[in-house]
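A quick write-up on the structure given underneath.
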């Protein structure tokens, strides 16, 4: 997946900074996310200019109010009042233009950065090793990709702009208050510590509750996704009501966490508004007394009230945004943790040259492997196997013998803890991952189809293939006939995981995909197991043609499909117990004899 920007901001972020202690300020926790804003400096500059313009105009309005009161109302001059109103309307027009520019640029920036973060997160996810997904739920990863990035988009595209504007208005308003009346300003400033105290105290609680809330939402996504994905099983066992009740429990649990967060934020905002406007009320009383005593004019008091309300509203906005920042800090950490995750399976920095023309000889040498999620249960033990070029090798044995694990190690989804796997004498860990996997075509026992049409699903084997090549691959996989009968033929949408097809049809689509890839190595995991007898005959004929002069590994439970293999590898409990052809194994190996007896006796 190379659709990401060539310069990924996440790569320049120091991973050491991605895990912040609980007491770290929200803004500090969000700083690494701001690296995604760097490519758009011109947009930021334009937004800041618009922000400064609107802040300056807002601050000028107070002086306009003062002029109107002192030279219009009190002086009784209709001409001066008219001129003042015209100037005021002009300022308001400029304010509207500046507000439009600021809103558009900042909202654009939020959407753009959110899209870049989503791309960076998705690009990191698709490159992670498979064992990562054994330990992390797909629903939680989806929540990070959607919910968390949406929250950050709201912060960058809206809340951050409000915070900057309110901060400018707060600073500018305080300066104008000092210019207008020092005595009243000192009175207002005396209330500032009272306003800041609840912000500091409750801010950390809001952040902690927000992180819990995001985790609860991820749990909901995971649970719902699993139920929807397996809806036929749910309905088959008539567990609809049970799942409704269980999902209701998950939703209510998330709602309880959200209630605590909302209550904390509401309390914070209410306390700040009460303290701020209480300060203004006291100031109005003191200022009103000064007007009555003739110490200041009515225009000065009006301007002071205007700036005081501006400061109060700015403080309230900053407090509200501060709560949003605390909430976003949790999302930021979750995303940064994911962006900082390194895959355990990577191409070497200087890979060995890999010839696509040269058909590889594959060698397993002293291979030992345990799945990371099951470290105490060996999946493969002391595997030694040479797979000659162009031969058909069958892996047989009971379930859990390690056959599929061999395929996964061969494709480097995992690396063995001991031993090595070689292609033409080169350790596959020294080869480029893309080159290695391009040589193989996999047809799994349970084929995976994408929520798209037939063209897309078959062409996944070779994205540059022509329509004619796709159709030819479908014909060779005995899929063309049923595809043509679909409502829109090759353009028919197959539904999620190919739900609109039968099991046999899915498998033939997967086989057509592998045929289109035209790999050097075929990996067939019971590739014909879901086919009816007639389809199996045709597909097996296609496979026989496809396997000519091509290295093929077949996992087989139906031994009738591999009796003509060049080599049959008998496996049991992660070990190779015997190797030979069908005739020799039938004469010498007890396990193979038992497997054959079970199947062929049933067949007869």
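Quick note: the coordinates plus some simple rules give every number you see, no bench work behind them. The structure displayed is predicted, hence computed values, not measured ones. Virtual Cβ from ideal backbone geometry, glycine too; neighbours counted across all protein chains shown.
Stretched out straight at 0.36 nm per residue, the stretch from residue 97 to residue 389 would grow longer than its current Cα-Cα span by 97.9 nm.
At 0.36 nm per residue, minus the direct Cα-Cα distance, what do residue 183 and residue 127 gain on full extension? Give it in nm, one decimal, please. Please list the in-between numbers first.
On the way: separation 56, 0.36 × 56 = 20.16 nm, distance 6.32 nm.
Length difference between fully extended and current span is 13.8 nm.
What's the exposure ranking of 304, 247, going from fewest to most Cβ atoms within 10 Å?
Details: 304 27, 247 14.
Listing 304, 247 from fewest to most nearby Cβ atoms yields 247, 304.
Computed from the Cβ-Cβ distance with R0 of 22 Å, the FRET efficiency linking residue 239 to residue 499 stands at 0.70.
Which whole-angstrom value gives the distance between the alpha carbon centres of the range 220-267 and the range 126-153? When both Cα centres are located, 19 Å separates them.
Put a dot 7 Å past the Cα of residue 278, heading toward its Cβ, do the same for residue 424, and the two dots end up 8.1 nm apart. Put a dot 7 Å past the Cα of residue 86, heading toward its Cβ, do the same for residue 342, and the two dots end up 7.0 nm apart.
Counting only the backbone N, which residues of the range 249-282 are under 19 Å from the spot 7 Å out from the Cα of residue 154 toward its beta-carbon? Zone members listed by number: 251-270. Here the Debye sum runs over all C-alpha atoms of the range 362-603 as equal scatterers in vacuum, and log10 of I(q)/I(0) at q = 0.08 Å⁻¹ comes out as -0.32.
Between residue 434 and residue 262, residue separation times 0.36 nm minus the direct Cα-Cα distance comes to 57.1 nm.
Which value, in Å³ per residue, describes the convex hull spanned by the Cα atoms of the range 268-308? Intermediate values should be presented prior to the final figure.
Details: hull volume 1.9 nm³, N = 41.
Enclosed volume per residue, from the Cα hull, is 46 Å³.
Peptides 171-178, 498-505, 460-467, ordered by how many other C-beta atoms sit within 10 Å of their residues on average, highest first, read 171-178, 498-505, 460-467. Can you give me the Cα centroid spacing of the range 544-571 and the range 495-513 in angstrom? Rounded to whole Å, the Cα centres lie 23 Å apart. Spin-label model, residue 142 to residue 485: label points 7 Å out along the Cα-to-beta-carbon direction sit 3.2 nm apart. Orientation-averaged projection of the range 100-181 equals 7.4 nm² [convex hull of Cα atoms, one quarter of hull surface area].
Placing R0 at 30 angstrom, the Cβ-Cβ distance between residue 448 and residue 352 gives a FRET efficiency of 0.45 after rounding to 0.05. Every Cα-Cα pair of the range 415-490 was included, and the share exceeding 14 Å stands at 72 percent.
Relative contact order of the range 362-603: what whole-number percent is it, with Cα pairs under 8 angstrom and at least 6 residues apart? Mind dumping the intermediate values first?
Details: 442 pairs, mean separation 65.8, N = 242.
Answer for the range 362-603 is 27 percent.
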